[in-house]
1. Quick one: go through segment 84-116 and flag any residue whose amide nitrogen is under 20 Å from the point 7 Å out along the Cα-to-Cβ line of residue 173.
2. Over the chain, with every protein chain in place, what whole percent of the accessible area is carbon and sulfur at 1.4 Å, could you tell me?
3. Need the full-extension length gain, residue 166 to residue 17, defined as separation in residues times 0.36 nm minus the C-alpha distance. One decimal, nm.
4. With contacts defined as alpha carbon pairs under 8 Å and 6 or more residues apart, what's the relative contact order of segment 2-229 in percent?
5. Quick one: compute a quarter of the convex hull surface over the Cα atoms of the chain and quote it in nm².
6. Once phi is turned into ³J(HN,Hα) by the Karplus curve 6.51 cos²θ - 1.76 cosθ + 1.60 with θ = phi - 60°, what whole-Hz value does each residue of segment 167-180 show in order, with x for glycine and proline?
7. Take the alpha-carbon centre of segment 134-211, take the same for segment 35-65, and report the distance between them in whole Å.
8. FRET efficiency for residue 126 and residue 85, Cβ-Cβ distance as r, R0 = 25 Å, nearest 0.05?
Amino acid sequence: MISTLLPAAAVAVESTTDREIVLFPEEAHQIRNAVVERQREFTTVRWCARQALGRLGLPEVPVLPGRRGAPQWPGQLVGSMTHCAGYRAAVLAPRSEVCAIGIDAEPNAPLPDKVLESISHPEERDWIARLRWSAPEVAWDRLLFSIKESVYKTWFPLMTRELGFEDAIVMVDPVARTFRAHLLLDREVRATGAPTWFDGRFGTTGGVLLTAIALPARQPGRTADADRQLPSGVR
Ligand SMILES: CC(C)(COP(=O)(O)OP(=O)(O)OC[C@H]1O[C@@H](n2cnc3c(N)ncnc32)[C@H](O)[C@@H]1OP(=O)(O)O)[C@@H](O)C(=O)NCCC(=O)NCCS
């Protein structure tokens, strides 16, 4: 399912059951004191990552958390991983095709009380309120949360800077199942050539919401850097 939300260059592997693999010693060290559920999600999502590496013709390598927990991939790749109850996925893409990628999975159920207020802008709460009535099959508040998690997973490995929930404002197209996250960046951060928006796709599968963002490395006639410097909304 998650592959349908991503460009063809991305290799996606997902699992709805837990998998047994022998972790590399460095990986096992990461979860030596973790509770069983954390050990399962950590192990299964690395099974997904190994499958994806294999499909790209690459050998299995340890997938270790780097700065702020961002997974470390072989240099020629970008990648992202997610896990929630009943769902795990890893995606990888050649850096020559995709310069940043982020995926997230969340249960398709409303957020706990008061969380929405802490992660959203009033404009976002407006579309959530409208869509709650017209399309109740999606937990739109949870979707917003998932989109912002995907935004962070795309942003952080690219920029190695923090990004808060208040730093993105998201609009969705509920029919096309796409979204755009505008990044509300300081002038100083914009001056670095940081991207000012991310486009992505969302979907649902078996009680799980999925969101995905993939930034193309280049578009015809443009460099990735030039793309990222365009002002918000200009394409
Ligand atoms: C890091 C974070 C995004 C993870 O999301 P989550 O929904 O809690 O958890 P998921 O299961 O979907 O994803 C976990 C995976 O994310 C990846 N991840 C963790 N930190 C990351 C980072 N800084 N950058 C990119 N990916 C990261 C890891 O692969 C992790 O799996 P692992 O621990 O088994 O290696 C989240 O915990 C967080 O810190 N959010 C606050 C920041 C934020 O979202 N800001 C909003 C910006 S608009």
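1. 102
2. 52 percent
3. Residue separation times 0.36 nm, minus the Cα-Cα distance, leaves 50.2 nm.
4. 20 percent
5. Working: hull surface 53.1 nm².
Its Cα hull, projected and averaged over all orientations, spans 13.3 nm².
6. Each residue's phi maps through the Karplus curve to give 8, 10, 10, 10, 10, 10, 10, x, 7, 6, 6, 10, 8, 10 Hz.
7. Cα centroid to Cα centroid, the span is 25 Å.
8. Working: r = 30 Å, r/R0 = 1.19.
Efficiency computed from Cβ-Cβ geometry: 0.25.
The values are calculated or read from the model by the stated rules, or taken from the named source; none is laboratory data. This is a predicted model, so every value here is computed, not measured. Because the Cβ atoms are built from the backbone with ideal geometry, glycine has one as well, and the counts that use them run over all protein chains shown. Please note that ligands, DNA and RNA were not included when accessible areas were found on the heavy atoms of the full protein model with its side chains. Shrake-Rupley method; radii C 1.70, N 1.55, O 1.52, S 1.80 Å.
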